[in-house]
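The values are calculated or read from the model by the stated rules, or taken from the named source; none is laboratory data. Computed from a prediction, not measured in an experiment: that's the story for all the values here. Quick reminder, even Gly has a Cβ in these numbers, built from the backbone with ideal geometry, and neighbours come from all protein chains shown.
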Amino acid sequence: MKILVTGGLGFIGSHTVVELQNKGFEVVIIDDCSNSDEQVLKGITAITGKKPEFEKIDLKDKDKVEDFFKRHQDVTGVIHFAASKAVGESVEKPLLYYENNIGTLVYILKELCKKNKASFIFSSSCTVYGQADKMPITEDAPVKTAESPYGNTKQMGEEIIADTCKVTPGLNAIALRYFNPMGAHPSAEIGELPKGVPQNLVPFITQTGIGLRDELSVFGDDYPTEDGTCIRDYIYVVDLAKAHVVALERLLDGKNTENYEVFNVGTGTGSSVLEAIQSFERVSGKKLNYKIVDRRPGDITTAYADTTKANEVLGWKSEYTLDEAMKSAWVWEQKIRD
Ligand SMILES: NC(=O)c1ccc[n+]([C@@H]2O[C@H](COP(=O)([O-])OP(=O)(O)OC[C@H]3O[C@@H](n4cnc5c(N)ncnc54)[C@H](O)[C@@H]3O)[C@@H](O)[C@H]2O)c1
């Protein structure tokens, strides 16, 4: 079984390639290294003992995508991670996001529609729920108006896949709505490698812990939560990677009940920003330098997943605690700074 992993050198993609190879899948990666490094291949190879096939292609190049699928007729499944993901940048450069996140998706789906049978897993996000009315968030919660072009690309991406599946019986797809991925592989061979200022909380915490940043800004402590800071559902990246393998196997084994399905991937537990900081302080033995600043526009108060559907239908459950995931992020940060 040859599986194409787009964005397979990125944070979540690289961990998923490892889990796929561990399960015996043959993997071919497409990545343009716009937000990653070819060195990641070494890390994947060190963990699995097998170097995945790799092609450096920009998926915005339609002809190259077409040519790739002509040369790799044996690809039966695609896990599509490749996308731009910085919310703030998407507000400044919306067309870049629509081209990179929507254009590339359309090109890949077009190729899959040419096949008799194909499986497709899409990286979606809990951002599609906005500030949900009820916690925990189930898959039935309404999709709210997107706060940013990035969020909109995830909503539109899901709609494009659903519409395509409706008229393409051979195409089976699953959208996984991730909550807040964090951490690094336990081997510390791969992990999160943010370019520039990290957009996510955990790499900002570990970079502050190691002294790369002076202090962490906590955006608001006057939210209607127990300690006043925002609450998120932090999911360990290896748990998340395993969810992709399980979802893919569901499609390849024909166990899906509809040809387009959606699953939340989180832990089911919400942790506040201050709890995440305390977790870092526990596992590192260091005090973190942080200050409370004004709320940041666009931040929602609380988001954590109801994972019942993924638990019962996919048979997948997150295994790692916040402290274990935080520890892996800290070990990784220390290794890369060395
Ligand atoms: N990390 C998160 O917090 C989070 C949360 C929800 C959803 N997601 C989604 O998950 C996916 C993976 O996220 P990640 O955190 O691993 O991001 P990442 O930036 O680490 O990985 C994305 C990879 O795609 C590659 N890429 C981007 N555009 C490309 C193109 N045109 N052609 C070829 N390769 C291209 C990048 O070089 C990078 O290696 C994205 O779709 C993202 O939107 C991420």
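Scanning region 196-226 for residues that are under 26 Å from R177 (Cβ atoms) and more than 20 Å from the chain's Cα centre (by Cα) gives V218, F219, G220, Y223, P224, T225, E226. Test I30 against the criterion of being in contact with an Asp or Glu (Cβ under 8 Å, 6 or more places away or on another chain), within 19 Å of L252 (Cα to Cα) and aliphatic (A, V, I, L, M), and give yes or no. It is false that I30 is in contact with an Asp or Glu (Cβ under 8 Å, 6 or more places away or on another chain), within 19 Å of L252 (Cα to Cα) and aliphatic (A, V, I, L, M). Screening the candidates Y290, Y320 for the property of being modelled with pLDDT of 95 or more, touching a Ser or Thr at 6+ places or on another chain (Cβ under 9 Å) and either closer than 11 Å to Y234 by Cβ or of a type in the set (K, R) (or both) yields one hit, Y320.
Looking at region 98-200, the strands (runs of 3 or more DSSP E) lying wholly inside it that each contain 3 or more residues that are in contact with a Cys (Cβ under 7 Å, 6 or more places away or on another chain) sit at 171-178. Among the residues making up region 1-56, a single one is among the aromatic types (F, W, Y) and away from the ligand (no atom under 12 Å from the Cβ): F25. Remark: pairs (first residue in region 279-292, surrounded by 16 or more Cβ atoms within 10 Å (Cβ to Cβ); second residue of a type in the set (D, E) and modelled with pLDDT of 95 or more; Cβ separation under 9 Å; 6+ apart in sequence or on different chains) = S279/D323; V283/D323; V283/E324; L288/E215; L288/E281; Y290/E215.
The requirement of being buried (at least 21 other Cβ atoms within 10 Å of the Cβ) and more than 22 Å from T16 (Cβ to Cβ) is fulfilled nowhere in region 103-125; no residue meets it. With respect to the conditions (1) modelled with pLDDT of 95 or more; (2) in contact with a helix residue (DSSP H, G or I) (Cβ under 9 Å, 6 or more places away or on another chain); (3) closer than 18 Å to N35 by Cα, Q199 falls short on a single one, namely (1).
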